[in-house]
Amino acid sequence: MSGRLKSKIAFVTGAGSGIGRSAAIGFAKEGATVIINDLDREGGQETLNDLKKICSSASFYSADVANFSQMENLFEGIIDKHGRIDIGFNNAGVPGITGVLTADYDEEDWHRVVAVNLKGIFLSMKFELKIMLQRKSGVIVNTSSVVGMGGFRGCPAYVATKHGIIGLTRAAAIEYAQSGIRINAVCPGFVRTPLLGLRDDEHESNISRRVPLGRVAEPEEIAEAVMWLCSDEASYVAAHPLLVDGGVLAQI
Amino acid sequence: MVKRLENKVALVTGGSSGIGESTAFAFAREGATVVVSSRSNVKSGTQIARTIEERGGKARFVQADVANSLDVQNLVNETIATYGRLDIGFNNAGTQGPAAVYTADSTESDWDRVIDLNLTGTFLCMKYELKQMLEQGGGTIVNTASISALNGTRGCSSYVASKHAVIGLTKSAALDYASRGIRINAICPGFTKTPLLEAFVDLSDAAAEKRIADRIPLGRIANPDNIADVVVWLCSDAASYITAHALTIDGGFTAQL
């Protein structure tokens with residue numbers, strides 16, 4: 001499969017590592033021009049270097065997705081250069097402090113997680129939608145999580161924001177479906193990314209034991225799902241949180 | 001375009017029309033050998049298999065009532081006898097049952113028939129498909145649920161109950177076999193241009209179609225091909241980490257209140 005996204009302009013946040021990086025590379029391999037964003041300049045630069053081996057016209061921004069004016073500047077830059085966006089993969093997110101239960105969860109930590117994970121996706125969509133509405137065409141995928149559908153101990157802000165992303169996705173999807181814009185969410189399970197923070201083989205096998213498929217996902221497997229949601233094969237899929245979790249959530 | 005299901009053998013129940021028919025053709029286009037099955041529509045099912053063969057693919061028709069255990073065993077046995085293996089089970093046979101009959105007025109025999117076909121039929125198909133897949137060391141199954149598996153709708157409680165149950169069955173079986181190389185998922189199609197929908201809505205009446213389309217965020221009723229594309233993808237290696245999922249294909253319909 002290649003060339004599915006030929007001549008598309010794709011924008012990816014959180015592209016400096018993990019799922020975002022895999023998706024950016026996947027989009028490029030399918031023929032898209034890829035614009036990436038990540039606050040992590042080093043990671044973003046590495047992804048950009050990988051992209052430049054595949055496509056000549058990749059570009060890298062380092063806006064804070066939770067900051068309106070930085071995002072406004074970023075999208076003005078994209079419009080100046082490319083004139084449009086066909087695909088938005090809003091994937092930037094932070095886990096926040098982990099292993100801290102709700103009563104002990106610091107308010108400052110809460111605000112930062114909500115700002116990046118939820119407001120960041122709101123702002124990304126807001127700007128993407130304005131641009132996509134001009135041509136009445138586009139597709140957006142937001143990264144939620146398996147904890148967008150179920151609870152998990154010790155990261156209440158992360159769980160709440162990932163649930164919120166599904167709500168935001170549904171709300172926006174039904175608003176813009178008639179305008180030629182499809183919006184979905186992807187809900188990855190445990191994935192070999194910096195966010196999961198695998199320490200060693202023992203840590204990995206402890207996590208894998210909780211997964212019916214018996215292993216953690218590779219970021220490329222989530223990227224496949226994202227690319228598919230962006231393709232015409234998913235033309236009737238809208239407002240859907242697509243689980244890519246190896247069966248984790250189906251367990252009691 | 002690389003064929004994604006090359007050398008795979010696929011079984012499609014409810015394969016003589018609608019989503020099953022479109023998926024049988026889509027499987028064949030992706031390189032799979034296809035066994036088309038139907039309970040009653042022998043003529044159409046046979047013609048679909050013949051068309052696949054005429055286009056250079058491999059296919060045959062096997063009649064089976066999925067509610068009948070012996071029929072299902074025979075269906076799987078015939079598949080193995082003819083093609084030597086079974087890699088993909090698309091358990092799609094189903095019936096709506098009588099429409100616009102409220103629960104208190106539903107007859108027990110109508111209830112039994114809907115549950116037998118939609119739920120027990122899916123169970124029986126999986127049971128015998130899984131035995132073969134376990135022997136081979138892998139496979140993938142997709143069961144047809146519905147948006148009626150996610151929410152209620154008036155006047156067809158047996159259908160809604162059976163489709164909800166298909167998701168439960170899918171999740172349980174997926175957990176049972178995840179460690180043994182078998183992925184099992186369900187699809188939840190929304191309004192789709194199929195004989196099942198046409199039994200209730202005269203789709204040749206543009207106004208009737210528009211009344212439905214207006215309730216769907218995407219503004220149109222799905223074509224069976226839209227659903228078939230999803231089934232093909234779920235059965236392909238691109239979906240290697242997806243199991244026990246109920247994938248909604250409804251143009252946004254169930255995301256609304």
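On the given criteria, is A:GLU221 assigned to a helix (DSSP H, G or I), free of Cβ contacts under 8 Å to residues at least 40 places away in the same chain, out of contact with any Pro (no Cβ under 9 Å at 6 or more places or on another chain) and closer than 21 Å to A:SER22 by Cβ?
So A:GLU221 does not fit the description; no.
So A:SER56 passes all but one of these: (1) at pLDDT below 95; (2) touching an Asp or Glu at 6+ places or on another chain (Cβ under 6 Å); (3) not basic (Lys, Arg). Which condition number does it fail?
It fails just one condition, (2).
For B:THR82, only one of the following conditions fails: (1) free of Cβ contacts under 8 Å to residues at least 60 places away in the same chain; (2) under 26 Å from B:ASP237 (Cβ atoms); (3) assigned to a strand (DSSP E or B). What is its number?
That leaves (3) as the condition not met.
Out of the stretch B:47-68, which residues are open to solvent by less than 40 Å² (accessible area, probe 1.4 Å) and of a type outside the set (Phe, Trp, Tyr)?
Quick first cut of the stretch B:47-68, residues open to solvent by less than 40 Å² (accessible area, probe 1.4 Å) only: B:48-49, B:51-52, B:57, B:59, B:61-62, B:64-67.
Result: B:ILE48, B:ALA49, B:THR51, B:ILE52, B:GLY57, B:ALA59, B:VAL62, B:ALA64, B:ASP65, B:VAL66, B:ALA67.
Identify the single condition in (1) within 9 Å of another protein chain (Cβ to nearest Cβ); (2) of a type outside the set (Phe, Trp, Tyr); (3) in contact with a Lys or Arg (Cβ under 9 Å, 6 or more places away or on another chain); (4) more than 21 Å from B:GLN132 (Cα to Cα) that B:PRO224 does not satisfy, given that it satisfies every other one.
Among (1) within 9 Å of another protein chain (Cβ to nearest Cβ); (2) of a type outside the set (Phe, Trp, Tyr); (3) in contact with a Lys or Arg (Cβ under 9 Å, 6 or more places away or on another chain); (4) more than 21 Å from B:GLN132 (Cα to Cα), the lone unmet condition for B:PRO224 is (1).
Checking B:GLY94 against (1) over 27 Å from B:ALA28 (Cα atoms); (2) of a type outside the set (A, V, I, L, M); (3) crowded, with 21+ Cβ neighbours inside 10 Å, only one condition comes out false. Which one?
(1)
Sort out which residues of the stretch B:158-207 are farther than 17 Å from B:ILE147 by Cα, within 14 Å of chain A (Cβ to nearest Cβ) and open to solvent by less than 40 Å² (accessible area, probe 1.4 Å), and write them in order of number.
Result: B:ALA173, B:ALA174, B:ALA178, B:ILE182, B:ARG183, B:ILE184.
Quick one: in the stretch A:181-203, which of the residues that are open to solvent by 30 Å² or more (accessible area, probe 1.4 Å) and of a type in the set (Lys, Arg) is nearest to the other protein chains (Cβ to nearest Cβ)?
A:ARG192
Determine which member of the set B:LEU119, B:LEU124 is open to solvent by less than 30 Å² (accessible area, probe 1.4 Å) and under 16 Å from the mean Cα position of the chain (by Cα).
None of the other options fit; the residue is B:LEU124.
Just to verify a result, which residue in the stretch B:145-157, among those that are of a type in the set (Ser, Thr, Tyr) and open to solvent by 20 Å² or more (accessible area, probe 1.4 Å), is modelled with the highest pLDDT?
B:SER157
Exactly one of these conditions fails for A:PRO212: (1) crowded, with 19+ Cβ neighbours inside 10 Å; (2) under 19 Å from the mean Cα position of the chain (by Cα). Give me its number.
Single failed check for A:PRO212: (2).
Answer yes or no: is there a residue in the stretch A:2-17 that is assigned to a helix (DSSP H, G or I), open to solvent by 20 Å² or more (accessible area, probe 1.4 Å) and touching a helix residue (DSSP H, G or I) at 6+ places or on another chain (Cβ under 8 Å).
No: the stretch A:2-17 contains no residue that is assigned to a helix (DSSP H, G or I), open to solvent by 20 Å² or more (accessible area, probe 1.4 Å) and touching a helix residue (DSSP H, G or I) at 6+ places or on another chain (Cβ under 8 Å).
Can you name the number of the only condition in (1) under 21 Å from the mean Cα position of the chain (by Cα); (2) open to solvent by less than 20 Å² (accessible area, probe 1.4 Å); (3) facing chain A (nearest Cβ under 8 Å) that B:ALA238 fails?
For B:ALA238, the failing item is (2).
Name the residue, out of A:ILE140, A:ILE79, that is open to solvent by less than 70 Å² (accessible area, probe 1.4 Å) and in a strand (DSSP E or B).
Values: A:ILE79 fails: in a strand (DSSP E or B).
Residue meeting the stated conditions: A:ILE140.
The values are calculated or read from the model by the stated rules, or taken from the named source; none is laboratory data. None of these values were measured; they are calculated from a predicted model. Because the Cβ atoms are built from the backbone with ideal geometry, glycine has one as well, and the counts that use them run over all protein chains shown. Note: areas computed on protein heavy atoms with side chains; ligands, DNA, RNA excluded. Shrake-Rupley method; radii C 1.70, N 1.55, O 1.52, S 1.80 Å.
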